[in-house]
Amino acid sequence: MHILLASSSEIRAQLLRAAGLEVQALPARIDEQAIRAALTNKGVTPRQIADALAESKALKLSHEFPEGLTLGADQILDLEGEILSKPATPEDAYMQLSQLSGRTHRLLSALVVCQNGQPLWRHVSEVRLTMHPLSPAFIADYIARNWDSIRHAVGCYKLEEEGPRLFSAIEGDYFAVLGLPLIEFLNWLRARGDLTT
């Protein structure tokens, strides 16, 4: 079974490999901002946007490598209807963390699997995360310590690093927060007969 991950995310590839899968990561070059903007203008829900972006990535790679299973993944952070993206600057990160401070947001992690240019399977996991109220001084220090890492993360946190100390409650799957509904994907492979236990 040849699995291609349409992503540059190291953590997604690590999760799949740690589960015993052979994965090749090849980022799919799509215009995520244009797709997101077009869907937002049509009134599409954040959940549907996450799914559509994941599918676009998987399909792009599937047309190039039709024989393999191609995986497209995407995450959308939904703060009461407002979608937050990865921060472009430390100032963006400060603004995002100030918005998230003391509030609950939804993190939607989508995975779409394609083969021969056709979607075979899809899943969107939802996790609800409640952040502690954060002081301006803490936010500034946190960004200074973690900028090189959190600039790649929607919401400016990583649970595999310092992120857990930001939260008072997390409801949902840990792997989904890391960017991949891993258990659901492995269950699908098992149902197909690709994995045994």
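Since every read-out is calculated from the coordinates, none of them should be taken as a lab result. For clarity, every value in this text was computed on a predicted model and none was experimentally measured. Reconstructed Cβ throughout: ideal geometry from the backbone, glycine too, with neighbour counts over all protein chains shown.
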Revision key, fill the gap. Taking r as the C-beta separation of residue 38 and residue 130 and R0 as 25 Å, the FRET efficiency to the nearest 0.05 is 0.20
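Evaluate the charge dipole of the range 3-192 about its Cα centre and quote only its size in Debye, nearest 20, assuming +1 on the Cβ of each Lys and Arg and -1 on the Cβ of each Asp and Glu. Don't jump to the answer; show the numbers that get you there.
On the way: 19 positive and 23 negative charges, 52 e Å.
Computed charge dipole of the range 3-192: roughly 260 debye.
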Review point. For the pair residue 48 and residue 190, what calculated FRET efficiency results from E = 1/(1 + (r/R0)^6), where r is the Cβ-Cβ distance and R0 = 30 Å, to the nearest 0.05?
Key: 0.65
Point to revise | At R0 = 45 Å, FRET efficiency that the Cβ-Cβ distance of residue 2 and residue 98 yields, to 0.05 | key: 0.50
Exercise for review: Could you work out which residue, out of 58, 37, 93, moves most in a Gaussian network model of the chain, that is, has the largest mean-square fluctuation with Cα springs under 10 Å?
Suggested key: 37
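So which GluC sites (Glu not before Pro) in the range 47-84 end up in coil per DSSP with only 10 or fewer other C-beta atoms within 10 Å? Display every interim value, and only then the final one.
Details: sites: 55, 64, 67, 80, 82; in loops: 67, 80.
Filter output for the range 47-84: 67, 80.
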Study note, to complete from the structure: The whole-number value in µm²/s of the Stokes-Einstein translational diffusion coefficient for the range 1-108, with Rh from the Kirkwood sum over alpha carbon pairs at 4 °C and 1.567 mPa s, is 85 µm²/s
Check your understanding: Using a cut-off of 23 Å between alpha-carbon atoms, which lysines can reach residue 60, once sequence neighbours fewer than 8 places away in the same chain are excluded?
Key -> 42, 86
Exercise for review: Report the label-to-label distance for residue 137 and residue 67 in nanometres (one decimal), using points 7 Å from each Cα along the Cα→Cβ vector.
Suggested key: 6.2 nm
Check your understanding: Could you list log10 I(q)/I(0) for the chain at q = 0.12 Å⁻¹, which the Debye formula gives when each Cα is one point scatterer?
Key -> -0.60
